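Values in this text are rule-based calculations from the coordinates and carry no lab data. A quick note: this is a predicted structure, and the numbers were derived from the prediction, not measured. Reconstructed Cβ throughout: ideal geometry from the backbone, glycine too, with neighbour counts over all protein chains shown.
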Amino acid sequence: MSEERIINVLLIEDEVFDVQRVKNTVKQAPYIHILHVVPNGNESLDILKKCPIDVVIMDFQIAGGLQGESLIQAIKTINSQLQIIVITKMTINQTDFKFANSLIEAGAYWFCTKYPGDIEDYIYQPTDFVLSIKNAWEKKKLEEARSLSENRLNKNIQAVLKDKKIIGESLVIQKMIQRIHKFAATQASVLITGASGTGKELVATHIHYKSPRKYEPFVTVNCGGIPSELLESELFGFEKGSFTGAGHSREGLFEQADGGTIFLDEIGELPLNAQSKLLRVLQEGEIDKIGRRKQYKVDVRVIAASNKKLAEQVKKKAFREDLFYRLNVLQIEVPPLAERLDDIPLLVSHFLNIFAGDFLENLPVLTEESIQILKSFHWPGNVRQLQNVVQRILFSYEDEITPETVRIAIGVPEKENHIASFREQFNPANIQMLRDIESHFRREYIQFVRSHSDTDAEAARKLGIAPPNFHRMCKELGIKG
Ligand SMILES: Nc1ncnc2c1ncn2[C@@H]1O[C@H](COP(=O)(O)OP(=O)(O)OP(=O)(O)O)[C@@H](O)[C@H]1O
Ligand SMILES: [Mg+2]
């Protein structure tokens, strides 16, 4: 320890003889400063509220009502990072483990018995005493550092939750939020179901960041977005040399999520062989890492989401029944927007704030008539679709948002729009490379088919493409997931 550092000590001791013995004992350590000496508990609390004390040394038996465990607890309430060393007379309970333990449980850092009164120079073995004070000080520093980094993490978590706020005052949403809180406190698997764009990912994020695992990783996996031949190695990792081309070992997503939560989105897309391995992780907490013989244990909470009816998948034997029950311990059904139309005004102003808050001084206001138009729509694409409509409104309105602007934003027949933009490409003044025009067409057409499908899997099916290829293509074309 650097000698410049000072350990400020408060001594609570009512016997002058013992005060002197404590002072003698720490004399060899000049960095230990006994800032104040008080004879009773109440005075010690007054000092602690005013002075920067690091370590309290307190006699167990002192005058005044406040002493022992109650005094330890009162000190800890003032500042939980303060460290307390209790000294007692040798005659009292010196070999009673229960007694010592009760002091530690009340919050004391250390406990030692005073030397008998005929040893005048020291209160206790001096090196042990000084080391205990030093260690108590180190512990205080560590606790302060931990609390600082926890505060920082908490701030980040608050920022995530604010960014991903679940908007809605309707009864269905309030009930859903209550379930999120209740489920967050547990360790059980959660299955989130609901149509596309209802907010399943939002729900999963809230469960994790409100759970005791909130400081640990939250890993999201889009099961439909990873080609099935890569899925196992992505999820569970592999060992170097376990197959041709495995030049190095790789950590799987389950390992990355160890201690935290893994969010398996679009779980209905998980191939059957990966389903069996997932079941093993859920049952045994063990990963089947490719090429590894020894067991590998992980502690991961699983949250899964699906916009497919998994029970029907089970009937069709496309999804393992045992896995379904393992995942479906707790369930949250996110209601479609059509069942919470009264939340539309709140959602609209939330999205207006997000999209226009930074660059418009006065946010545009929607008239009652415009709100009614939004409320009378059936919203097959749910909240995501509403979000897109608000964005479109912001791009297209001039002085005010008229009902007509809103109608157009909801109802532009997408087909005509696409055809119009496609025709524009037949321009003799702007002939493009076949490669570019092809990808332009692909992008437009995929977006068009997507906007007319409930799920990406459905869009892929309509286009006759396997879902992983569809996802890859979307990524290559810059279409957002
Ligand atoms: N209640 C809500 N309050 C605020 N924003 C919401 C709410 N519900 C959804 N959103 C927003 O809508 C968009 C879609 O939500 P999310 O991605 O969670 O839906 P999803 O159910 O996972 O959709 P998909 O099935 O297509 O993956 C996100 O931008 C999300 O922030
Ligand atoms: Mg999602």
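Rounded to the nearest 0.05, what FRET efficiency is calculated for Ala318 and Ala145 with R0 set to 45 Å and r the Cβ-Cβ distance?
Between Ala318 and Ala145 the formula returns 0.30.
No solvent, one uniform scatterer per C-alpha: report log10 I(q)/I(0) for the chain via the Debye equation at q = 0.12, 0.14 1/Å, two decimals.
Normalising to I(0) and taking log10 leaves -1.07, -1.26.
Skipping prolines and chain starts, which residues have an amide H placed within reach, meaning under 5 Å, of the one on Ile192, given they are 5 or more residues away or on another chain?
Sorted by chain and number, the residues that satisfy this are Ala304, Ala305, Ser306, Ile332.
How much FRET efficiency would the formula 1/(1 + (r/R0)^6) give for Ala338 and Leu131, where r is the Cβ-Cβ distance and R0 is 51 Å, rounded to 0.05?
Numbers: r = 69 Å, r/R0 = 1.35.
FRET efficiency, Ala338 to Leu131: 0.15.
For the chain, what does the helix formula give at 222 nm: sum of -39500 (n - 2.57) over DSSP H segments with n ≥ 4, over the residue count, nearest 500 deg cm²/dmol?
Result for the chain: -15000 deg cm²/dmol, rounded to the nearest 500.
Taking θ as phi - 60°, what are the ³J(HN,Hα) couplings along the stretch 200-210 by the Karplus curve (6.51, -1.76, 1.60), each to the nearest whole Hz, with x for Gly and Pro?
Couplings: 5, 5, 4, 4, 4, 4, 5, 4, 5, 6, 10 Hz.
Find how many whole Å separate the alpha carbon centroid of the stretch 442-481 from the alpha carbon centroid of the stretch 115-164.
Cα centroid to Cα centroid, the span is 56 Å.
For the stretch 164-335, just list the percent of Cα-Cα distances falling in each 10 Å bin from zero outward, please.
Pairs per bin, as whole percents: 10, 38, 35, 14, 3, 0.
For the residue pair Lys27 and Asn388, what label-to-label distance in nm results when each label sits 7 Å from Cα along the Cα-to-beta-carbon direction?
Here the answer is 8.3 nm between the modelled labels.
Considering just Cα atoms, how many Å³ per residue does the convex hull of the stretch 263-369 enclose?
Convex hull of Cα atoms, per residue: 172 Å³.
Tell me, what ³J(HN,Hα) does each residue in the stretch 177-190 have, in order and in whole Hz, if you take phi through Karplus 6.51 cos²θ - 1.76 cosθ + 1.60 with θ = phi - 60° and put x for Gly and Pro?
Each residue of the stretch 177-190 in turn: 5, 4, 5, 4, 4, 5, 6, 4, 6, 9, 10, 6, 5, 10 Hz.
For Tyr109, Tyr115, Tyr445, what ranking results if the residue with the fewest other Cβ atoms within 10 Å of its Cβ goes first?
Numbers: Tyr109 21, Tyr115 18, Tyr445 13.
The fewest-first ordering by Cβ neighbours comes to Tyr445, Tyr115, Tyr109.
Place +1 on the Cβ of every Lys and Arg and -1 on the Cβ of every Asp and Glu in the stretch 7-147, take the dipole about the Cα centre, and give the residue among Ile123, Gly107, Gly65 whose Cα lies farthest towards its positive end.
The one lying farthest along the dipole's positive direction is Gly107.
Can you tell me the dipole magnitude for the stretch 164-335 around its Cα centre, using point charges on the Cβ only (Lys, Arg +1; Asp, Glu -1), in Debye to the nearest 20? If you can, show how the numbers build up before the last one.
Details: 26 positive and 21 negative charges, 75 e Å.
Rounded to the nearest 20 debye, it is 360 debye.
For the stretch 46-200, what D do you get in µm² per second when you plug the Kirkwood radius from alpha-carbon pairs into Stokes-Einstein at 4 °C and 1.567 mPa s? Display every interim value, and only then the final one.
Working: Rh = 20.0 Å.
Result for D is 65 µm²/s.
Can you list the HN-Hα couplings for the stretch 23-29, worked out from phi with the Karplus curve (6.51, -1.76, 1.60; θ = phi - 60°), rounded to whole Hz and with x for Gly and Pro?
Listing the rounded values in order: 4, 4, 5, 9, 4, 5, 10 Hz.
As an exercise, use a Förster radius of 45 Å and the Cβ-Cβ distance of Lys89 and Ile6 to find the FRET efficiency, rounded to the nearest 0.05.
According to the calculation, E is roughly 0.90.
Take the alpha carbon atoms of the stretch 338-476, find their radius of gyration, then divide it by 2.2 N^0.38 Å using N residues; give the quotient.
1.24
How much length is gained on full extension from Gln158 to Phe441, taking 0.36 nm per residue of separation minus their Cα-Cα distance?
97.7 nm is the gain from fully extending Gln158 to Phe441.
Under a point spin-label approximation (7 Å from Cα along Cα-to-Cβ), what is the Lys240-Asn273 distance to one decimal in nm?
Spacing of the two 7 Å Cα→Cβ label points: 2.5 nm.
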